Amino acid sequence: MSQIQPQADNGPLTKVSKPFPWHIVFFLGPALLIYVAISVYPLLDTLRLGLFSEDETGAKFFVGLQNYSNLLLNEFWSEPFWNALKNNLIFFAIHMALQNPIGLLLAMLLSSPKLRLSGTYRTLIFMPTMLSVVIIGFVWQLLLSPLWGISEDFMYNIGLGNYFDAWLGKESTALITLSLISVWQFVGIPMMLIYAALLNIPEDLTDAAVVDGAKSRHVFWHIKLPLLLPTISMVSILTFVANFNAFELIYAVKGALAGPNFSTDIMGTLFYRTFFGFQLQQGSPTMGAAVATLMFLIILIGVMVYLFFVQRRIQRFQL
């Protein structure tokens with residue numbers, strides 16, 4: 001019988017290199033270029049522009065952090081900045097206190113199997129979210145007008161006519177009124193997100209609790225609510241980011257001056273007047289870039305606080 005001869009040793013084995021995944025570059029490259037062009041580059045250029053100032057001729061020169069110092073300390077710039085920041089915090093607080101709890105309550109009601117026409121209710125509640133903010137602002141301005149609006153007659157018909165007032169025309173109530181209009185328009189977003197999370201809760205958990213004698217409120221507080229915490233926290237951070245980027249509703253109802261007497265002025269309208277100018281205020285792209293940078297830093301700090309102090313606790317709670 002013939003024996004199989006071992007093959008001669010040709011030396012050390014060479015590592016076969018894998019080909020470069022050009023298909024990844026082909027598919028992700030265009031999207032990455034578009035993202036860099038319309039998001040990353042404008043952000044970096046805004047950060048750069050905030051470090052410059054300009055003279056009467058429009059020539060820019062480097063001033064470092066002087067623009068930020070003026071916004072925070074100079075009376076001409078700091079007073080409108082701190083006023084806009086305070087109003088923005090009030091705007092956000094009203095949304096957190098009303099929009100998200102109401103969204104949670106609506107989601108719980110609409111997820112009840114005993115409720116008929118729940119799909120119709122979901123559509124009607126979510127419908128204002130799909131409308132333009134400009135249209136919403138214009139319609140509510142007409143409804144609440146003391147001259148030709150229908151709100152005054154409606155409140156008199158239900159016996160509340162003595163409480164009617166020009167809410168959009170008073171410094172003490174204009175911001176609260178606009179916040180409530182915004183809550184009415186966007187309450188459908190937290191409602192739908194929480195509703196989707198409720199549908200993902202296993203029925204075995206709630207059924208077992210009911211069999212053990214737990215009442216509906218105990219099932220909600222001890223089973224459903226802990227499982228909804230990740231969604232509620234995500235809704236909260238989305239509300240924070242959206243509120244500090246808000247602009248359209250205030251501009252549509254009160255204009256760039258955010259009246260009366262800047263009582264509805266928020267960071268978005270302050271940035272608009274500073275960057276583009278309005279009426280007697282001359283626009284300054286460099287100061288506008290500084291305002292936009294501070295808006296970005298406020299949102300960034302808020303998101304980081306959420307990630308480090310809230311999200312970690314929720315993850316440990318789930319474990």
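Is there a residue being of a type outside the set (Asp, Glu) and either at pLDDT below 60 or in a helix (DSSP H, G or I) (or both) anywhere in segment 14-21?
Checked segment 14-21: no residue is of a type outside the set (Asp, Glu) and either at pLDDT below 60 or in a helix (DSSP H, G or I) (or both).
Suppose the filter is within 30 Å of Pro190 (Cα to Cα) and among the β-branched types (Val, Ile, Thr); does Ile38 pass it?
Criteria met by Ile38.
Since Ile201 meets every condition but one in (1) open to solvent by 50 Å² or more (accessible area, probe 1.4 Å); (2) closer than 24 Å to Leu110 by Cβ; (3) of a type in the set (A, V, I, L, M); (4) not in a helix (DSSP H, G or I), which condition does it not meet?
Only one criterion in (1) open to solvent by 50 Å² or more (accessible area, probe 1.4 Å); (2) closer than 24 Å to Leu110 by Cβ; (3) of a type in the set (A, V, I, L, M); (4) not in a helix (DSSP H, G or I) is unmet by Ile201, namely (1).
If you take the residues in segment 49-74 that are hydroxyl-bearing (Ser, Thr, Tyr) and in a helix (DSSP H, G or I), which one is surrounded by the fewest Cβ atoms within 10 Å (Cβ to Cβ)?
So, considering only residues that are hydroxyl-bearing (Ser, Thr, Tyr) and in a helix (DSSP H, G or I), the one surrounded by the fewest Cβ atoms within 10 Å (Cβ to Cβ) is Ser69.
At least 2 residues that are open to solvent by less than 40 Å² (accessible area, probe 1.4 Å) and touching a residue at least 40 places away in the same chain (Cβ under 8 Å) in each: list the helices (runs of 4 or more DSSP H) lying fully within segment 210-319 that qualify.
225-244, 248-254, 267-276, 285-305
List every residue pair whose Cβ atoms sit under 8 Å apart, with the two residues 6 or more apart in sequence or on different chains, where the first one lies in segment 122-135 and is among the hydrophobic types (A, V, I, L, M, F, W, C) and the second, anywhere, is not in a helix (DSSP H, G or I).
Ile125/Val187
I'd like the residue in segment 32-48 that is among the β-branched types (Val, Ile, Thr) and loosely packed, with under 11 Cβ neighbours inside 10 Å and, out of all such residues, is nearest to Ser284 (Cα to Cα).
Among those residues, the one meeting the criterion is Ile38.
Mind listing just one residue for me: the one in segment 125-152 that is within 26 Å of the chain's Cα centre (by Cα) and more than 17 Å from Gly255 (Cα to Cα) and, of those, most open to solvent (accessible area, probe 1.4 Å)?
Met130
Check whether at least one residue in segment 75-86 is surrounded by fewer than 15 Cβ atoms within 10 Å (Cβ to Cβ), modelled with pLDDT of 95 or more and in contact with a helix residue (DSSP H, G or I) (Cβ under 9 Å, 6 or more places away or on another chain), and report yes or no.
Among the residues of segment 75-86, at least one is surrounded by fewer than 15 Cβ atoms within 10 Å (Cβ to Cβ), modelled with pLDDT of 95 or more and in contact with a helix residue (DSSP H, G or I) (Cβ under 9 Å, 6 or more places away or on another chain), which makes the answer yes.
The values are calculated or read from the model by the stated rules, or taken from the named source; none is laboratory data. Everything quoted here is computed from the prediction, not taken from an experiment. FYI the Cβ positions are ideal-geometry reconstructions off the backbone, even for glycines, and counts take in every protein chain you see. What goes into the accessible areas is simple: the full protein's heavy atoms, side chains included, and nothing from ligands, DNA or RNA. Shrake-Rupley method; radii C 1.70, N 1.55, O 1.52, S 1.80 Å.
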